[in-house]
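Encoded as structure tokens, the structure appears first; notes follow it.
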Amino acid sequence: MGDKELMDQEEIYSKVLRAGRRTYFFDVRSTKAGDYYLTITESKKFTHDDGSFHYKKHKIYLYKEDFQSFREIMEEMMDYIIDEKGLEVISERHKKDFKKEDEVAPSENGSAENFTDVDFDDI
């Protein structure tokens with residue numbers, strides 16, 4: 001059996017989630033013994049200065065014996081994030097030049113704007 005045929009035999013069910021520069025692939029595959037497991041692949045597109053691009057992929061293999069624990073922790077983590085930050089996406093933070101509000105910004109002469117005012121007469 002060729003590689004293509006083996007790959008076709010292993011893939012049972014698939015879904016794709018496109019999310020900006022990232023794409024998530026959820027694939028149900030079959031083990032040699034005929035049992036099923038889940039692979040989750042994150043694929044992220046990177047563009048070079050010359051316009052060419054490449055993808056970086058990260059894959060998780062999740063087996064049935066871990067489903068319940070994985071689901072519980074995943075739900076807990078997602079609930080925590082939503083409880084702490086809400087459902088609104090803070091899109092400004094996706095910009096490369098985003099600066100936190102509490103970061104010290106330099107003034108025109110290069111010194112920090114946030115400083116303690118010292119009266120030298122007190123020294």
Exercise. Checking HIS48 against (1) within 16 Å of the chain's Cα centre (by Cα); (2) more than 18 Å from SER14 (Cβ to Cβ), which test does it fail?
Worked result: (1)
For this session: Only one of these is modelled with pLDDT under 95, part of a strand (DSSP E or B) and surrounded by 11 or more Cβ atoms within 10 Å (Cβ to Cβ): LYS44, LYS56. Name it.
Result: LYS44
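Of GLY34, GLY110, which residue is at positive phi and modelled with pLDDT under 75?
Working: GLY34 fails: modelled with pLDDT under 75.
Being at positive phi and modelled with pLDDT under 75 holds for just one of GLY34, GLY110, which is GLY110.
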For this session: Answer yes or no: is there a residue in the range 65-81 that is in a helix (DSSP H, G or I) and in contact with a strand residue (DSSP E or B) (Cβ under 7 Å, 6 or more places away or on another chain).
Result: yes
Problem set entry | Selection status of LYS96, surrounded by 10 or more Cβ atoms within 10 Å (Cβ to Cβ), under 17 Å from the mean Cα position of the chain (by Cα), modelled with pLDDT under 95 and over 17 Å from ALA19 (Cβ atoms) | no
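The values are calculated or read from the model by the stated rules, or taken from the named source; none is laboratory data. If you're wondering where the values come from, they're calculated on a predicted model, not measured in any experiment. A quick note on method: Cβ atoms are made from the backbone with ideal geometry, for glycine too, and the neighbour counts reach across all protein chains shown.
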